[in-house]
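Undergrad: Next up is a structure, given as structure tokens.
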Amino acid sequence: MNQWDMNNDIERVLYSEKDIAEAAKRVGSQLAADYEGRTPVILSVLKGAVLWTVDVMRYMQYAEVEFIDVSSYHGGIASAGEVDLVVDLQTDIAGRDIIIMEDIVDTGRSLQFMKDLLEARGAKSVKVASLLDKKDGRVVEAHVDYVGFDVPKAFVVGYGLDYKQLYRNLPYVGVLKPSVYNPEHAGLVDTTDITPEH
Ligand code: 5GP
């Protein structure tokens, strides 16, 4: 067994590369139909939604792409539930139709923060297309208009989703092996301050 292989760290695959390709086609085709005659701004949330964004937008027609980065602190001693704007989008979105592209919606806080921001800036409409919807994790109300998959309450990685910035480039979504959080793990991942809070 090759030790330098990320696949070894995955306990089980939830959504295969094929499953995801089908979901991207389904959601992208639906967006193409729903936005016919309009030129929406696709707002991709860094870094997790990048793969989902590029795969979905291939099925759409006229659309612009922008990026935003928000960080949320789940639990933690400092600011439970606080969301910060890390990278702002680079265009005036007043009067525009916005499609937020998310990797996963969990508590809903990030989404609520972005929706408030976009509405305050005069967006004409704001819809959400998320690869994963973790409905059981909701703390605030947040509706996902276009869903790839309803995901159970587990910590998942792959296809954009990370654990300590790793595993984003796996072509599928899966659940990490508990041994990865274990400090005795072979040292491939820095496990100093961890245990996912999701
Ligand atoms: P929310 O504000 O909805 O709680 O958080 C959404 C963000 O939390 C996502 O964009 C993602 O960064 C992170 N997140 C929530 N659940 C998971 C998960 O199962 N795996 C990973 N890798 N990130 C998650």
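Undergrad: Within segment 112-131, can you find the residues that are of a type in the set (A, V, I, L, M, F, W, C) and free of Cβ contacts under 8 Å to residues at least 60 places away in the same chain?
TA: So in segment 112-131, the residues of a type in the set (A, V, I, L, M, F, W, C) come out as 113-114, 117-118, 120, 123, 126, 128-129, 131.
Correct list: Phe113, Leu117, Ala120, Ala123, Val126, Val128.
Undergrad: Hey, another quick one. Sort out which residues of segment 152-175 are under 22 Å from Ile100 (Cα atoms), crowded, with 17+ Cβ neighbours inside 10 Å and more than 7 Å from the ligand (Cβ to nearest atom), and write them in order of number.
TA: Matches in segment 152-175: Gly158, Tyr159, Gly160, Arg168, Tyr172, Val173.
Undergrad: Then there is this: Which condition number in (1) within 17 Å of the chain's Cα centre (by Cα); (2) assigned to a helix (DSSP H, G or I) is the one that Leu31 fails?
TA: Checking Leu31 against (1) within 17 Å of the chain's Cα centre (by Cα); (2) assigned to a helix (DSSP H, G or I), the one that fails is (1).
Undergrad: Of everything in segment 92-150, what is among the basic types (Lys, Arg) and either more than 25 Å from Thr39 (Cβ to Cβ) or away from the ligand (no atom under 12 Å from the Cβ) (or both)? Give them in sequence order. Full working, then the answer.
TA: First, the residues of segment 92-150 that are among the basic types (Lys, Arg): 96, 109, 115, 121, 124, 127, 134-135, 138.
Within segment 92-150, Arg96, Arg109, Arg121, Lys124, Lys127, Lys134, Lys135, Arg138 qualify.
Undergrad: Within segment 1-21, which residues are in contact (Cβ under 8 Å) with a residue 40 or more places away in the chain and either outside any helix (DSSP H, G or I) or under 17 Å from the mean Cα position of the chain (by Cα) (or both)?
TA: Answer for segment 1-21, where residues must be in contact (Cβ under 8 Å) with a residue 40 or more places away in the chain and either outside any helix (DSSP H, G or I) or under 17 Å from the mean Cα position of the chain (by Cα) (or both): Gln3, Trp4, Ile10, Glu11, Arg12, Val13, Leu14, Tyr15, Ser16, Glu17, Asp19, Ile20.
Read the figures in this text as sums done on the coordinates, not as results from a lab. In this text the structure is predicted, and so the values were computed from the model without any measurement. Cβ coordinates were reconstructed from backbone atoms using ideal geometry, including for glycine residues, and neighbour counts include every protein chain displayed.
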